[in-house]
Ligand SMILES: [Fe+2]
Ligand SMILES: [Fe+2]
């Protein structure tokens, strides 16, 4: 393994590439640059206007609550892990969107990406400051140059990024609403910032939904299989990750499993705004298989320190068992999106409304 003596332990940790870690992405920017959006220009311009409003311009300002001493806070180390993963994920979005801004030529698209990069940079910075309060350094500049980048085709970037924005919204709002009901479980002030914060994520997801709607071939035919694949990948990754962090969620007064199932339910509803299918989460077999994956993963964790051939063989067997379970879930019949079950949009959230005849005419 590469020796990096000049890096803090947290920076090193964030650099380790493992299957469940947040990743940094790159893509074929020239292909994205060839996208045609002129047929939906009004809607893209409206979306651009939403970003230009910069609703959260004054939101990410710290108050005196952040000056407290957090040495004895509950679950300090798992909270740091949460901050680190969140900060890396936010920064990953900041970099990807900044690259889009740099490479694209369409003035509307590139400006939208510039604004989204602004938001993610703000989110990453806010998390990073809280890490510094806990005497943990995550060097974002170093991450940018040292972390490996995963290359994804543009359409995979759209599916994966759309989903990560919407599930990010669902995760933040579910924690926020829970803590509103149980203020005694607010172990750190940063959670009080989640409500407006998650609106940024929801708005980013709205843009990707629009982008996919403008390219209808992304939402039909063989691509539906890719949509199902990404839905499952995103849900299963979160489920396995959070199962390993049950203590952190317990410190917030949350049962990780219930929390994850609530987040998946909300995300699975939201995605019907654009995807022709969602996953059959109400089929009891869905969580039976995911829970089996968690059990296998726990056995793998228990074997992780052993390097003897028997342990390695057992780990390989468990990894294959997780793969087989996920493949079974993937084959389950998806739920078609219909007029009745389609996500109606978030109450109170601004939505594009085309002008109808007579509207907008100055008399
Ligand atoms: Fe963000
Ligand atoms: Fe975002």
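The values are calculated or read from the model by the stated rules, or taken from the named source; none is laboratory data. Here the structure is a predicted model, which is why all the values come from computation and not from measurement. Neighbour counts are summed over all protein chains in view; Cβ atoms, including those assigned to glycine, are modelled from backbone coordinates with ideal geometry.
Quick look at the values:
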{"item": "Residue 146 being surrounded by 18 or more Cβ atoms within 10 Å (Cβ to Cβ), touching a residue at least 60 places away in the same chain (Cβ under 8 Å) and farther than 16 Å from residue 99 by Cα", "result": "no"}
{"item": "Matching residues, region 206-264, being in a helix (DSSP H, G or I), closer than 27 Å to residue 44 by Cβ and more than 19 Å from the chain's Cα centre (by Cα)", "result": "213, 216, 217, 218, 219, 223, 224"}
{"item": "Among (1) over 22 Å from residue 248 (Cα atoms); (2) more than 16 Å from ligand 1 (Cβ to nearest atom); (3) part of a helix (DSSP H, G or I), the one test that residue 77 misses", "result": "(1)"}
{"item": "Qualifying residue in region 291-308 (condition: surrounded by 15 or more Cβ atoms within 10 Å (Cβ to Cβ) and part of a loop (DSSP other than H, G, I, E, B))", "result": "no"}
{"item": "From the options 156, 194, 207, residue that is within 16 Å of ligand 1 (Cβ to nearest atom), in the same structural domain as residue 128 (by TED's automatic domain parsing) and more than 29 Å from residue 65 (Cβ to Cβ)", "result": "207"}
{"item": "When residues of region 21-48 are limited to those that are surrounded by 13 or more Cβ atoms within 10 Å (Cβ to Cβ) and in a loop (DSSP other than H, G, I, E, B), the one nearest to the chain's Cα centre (by Cα)", "result": "22"}
{"item": "Helices (runs of 4 or more DSSP H) contained in region 105-200 and holding at least 3 residues away from ligand 2 (no atom under 16 Å from the Cβ) and closer than 25 Å to residue 43 by Cβ", "result": "107-133, 154-181"}
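Quick grid of which residues meet (1) under 22 Å from residue 327 (Cα atoms); (2) at pLDDT 95 or above; (3) outside the structural domain of residue 187 (by TED's automatic domain parsing):
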position: 237; (1), (2), (3): yes, no, no
position: 249; (1), (2), (3): no, yes, no
position: 252; (1), (2), (3): no, yes, no
position: 255; (1), (2), (3): no, yes, no
position: 262; (1), (2), (3): no, yes, no
position: 267; (1), (2), (3): yes, yes, no
position: 271; (1), (2), (3): yes, yes, no
